[in-house]
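A short worksheet on the structure shown next.
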Amino acid sequence: KQKKTAKLNFSVLAGYNVGNFSVEEIQYPTDPENFGMISVGGEVELVLPSGKLGVFGSVEYKNAKASTEQTGQVSVITTTPLRRVYKLETYFVDVLFGGRYYKSFSNSHVIFIGAGAGMNITSGNFPTYQSTFTNPDLILVNEERLGSSAFITFQLGYRFNKHYGFDINYDTPKKVLGNKTGEGIAKVSEFGINLRYTF
């Protein structure tokens, strides 16, 4: 009998993600806005000798560009409409670690489920634009630095012929301002698909 050993896999990833951007815990919560992100990345995985369990680490790069709008009234004593627009234009670098369970149907076909925890790293500013009582045009009223936050991911994937595969993944909401406290919490959750090639 051939003795089974642990195996180290290296994969390149390319995918498309749909982000959901909103600002919550404010007087007039924004309408969530969906936007698309192309992603590229790499992954290293250690598959245990049984072939059923693995641990992995990955890094993915995404370019995020979106805006979401808050509508209401300038005050309770006037019907003048209030518009406040939050804009997000940055990159995401997701650093992720997790585990997987594999189920083989033959030497060529494998499915897996996985979960992990990661850190979302951003850079740049987060501007807010607003109309006023005297000026209906949007003007810059606030600008904050973006931050980093933790998130959890869930995966369902398929691999065939040992090299080719894909996974569907969901990331829990990421706080793009980090742990800063202030007016509102800006969040982005993601649902996406990755194509993968494993060496």
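The values are calculated or read from the model by the stated rules, or taken from the named source; none is laboratory data. What you see is a predicted model; the values in this text were computed from it and never measured. Here the Cβ is made from the backbone with ideal geometry for all residues, glycine too, and neighbour counts use every protein chain on show. Each accessible area value is taken on the protein alone, full model and side chains, heavy atoms only, with ligands, DNA and RNA left out. Shrake-Rupley method; radii C 1.70, N 1.55, O 1.52, S 1.80 Å.
Assorted remarks:
- Pick from region 172-187, criterion in contact with a Gly (Cβ under 8 Å, 6 or more places away or on another chain) and of a type outside the set (V, I, T), ranking: farthest from T198 (Cα to Cα): K180
- Within region 96-128, the only residue that satisfies the criterion of being open to solvent by less than 20 Å² (accessible area, probe 1.4 Å) and basic (K, R) is R100.
- The set of residues in region 42-62 that are farther than 24 Å from S104 by Cα and more than 13 Å from the chain's Cα centre (by Cα) is empty.
- Scanning region 1-47 for residues that are over 22 Å from N120 (Cβ atoms), free of Cβ contacts under 8 Å to residues at least 60 places away in the same chain and loosely packed, with under 15 Cβ neighbours inside 10 Å yields a count of 12.
- Strands (runs of 3 or more DSSP E) contained in region 71-182 and holding at least 1 residues under 20 Å from E43 (Cβ atoms) and at pLDDT 90 or above: 81-104, 109-121, 149-160, 164-175
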